[in-house]
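Comments concern the structure below.
The values are calculated or read from the model by the stated rules, or taken from the named source; none is laboratory data. None of these values were measured; they are calculated from a predicted model. No Cβ is skipped: glycine too gets one built from the backbone with ideal geometry, and neighbour counts run over all protein chains shown.
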């Protein structure tokens with residue numbers, strides 16, 4: 001499997017399209033840290049960034065250099081942590097169950113590699129290329 005290279009010049013929708021091409025049962029949601037904290041404490045809705053924006057337009061950390069490489073052996077929690085540390089935003093790996101209900105990964109799923117999680121969700125009959 002090829003690596004996905006994330007740079008500040010990529011549009012969020014392009015990042016997600018490449019990610020779903022490699023991991024068709026997963027998707028990414030990008031949002032501010034403040035929105036993430038508000039929503040997770042109350043179980044509320046997370047409003048993601050406009051996906052037509054470039055990563056450079058939504059990032060908070062401008063003084064930290066670095067790109068992200070994603071491959072099948074990347075742990076879910078490490079991918080999410082990288083976006084927070086390098087760009088200062090929240091990135092959450094998500095999926096839709098077979099009925100279309102949306103979920104954010106937590107617990108055991110965060111400790112899986114992207115390939116393992118993708119395969120697990122496929123075996124559970126989750127939706128392919130969820131929106």
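When you scan the range 19-100 for helices (runs of 4 or more DSSP H) that lie fully inside it, which ones turn up with 2 or more residues that are under 29 Å from residue 120 (Cα atoms) and touching a strand residue (DSSP E or B) at 6+ places or on another chain (Cβ under 6 Å)?
It comes to 33-42, 76-87.
Test residue 77 against the stated conditions and say whether it is within 21 Å of residue 102 (Cβ to Cβ) and modelled with pLDDT of 95 or more.
The answer is yes for residue 77.
From the list 90, 94, which residue is surrounded by fewer than 18 Cβ atoms within 10 Å (Cβ to Cβ), in contact (Cβ under 8 Å) with a residue 40 or more places away in the chain, within 12 Å of the chain's Cα centre (by Cα) and closer than 20 Å to residue 4 by Cβ?
94
Which condition from (1) at pLDDT below 95; (2) surrounded by 15 or more Cβ atoms within 10 Å (Cβ to Cβ) is the one that residue 33 breaks?
(2)
Mind listing just one residue for me: the one in the range 4-18 that is touching a residue at least 40 places away in the same chain (Cβ under 8 Å) and assigned to a helix (DSSP H, G or I) and, of those, nearest to residue 119 (Cα to Cα)?
15
For the subset of the range 97-131 comprising residues that are surrounded by 16 or more Cβ atoms within 10 Å (Cβ to Cβ) and free of Cβ contacts under 8 Å to residues at least 60 places away in the same chain, which member is nearest to residue 13 (Cα to Cα)?
Looking at the filtered set, the residue picked out is 105.
Which residue pairs have Cβ atoms closer than 9 Å, lie 6 or more positions apart in sequence or on different chains, and pair a first residue in the range 66-87 that is free of Cβ contacts under 8 Å to residues at least 60 places away in the same chain and on the phi > 0 side of the Ramachandran plot with a second residue that is outside any loop (DSSP other than H, G, I, E, B) and buried (at least 20 other Cβ atoms within 10 Å of the Cβ)?
So the pair list comes out as 66/87.
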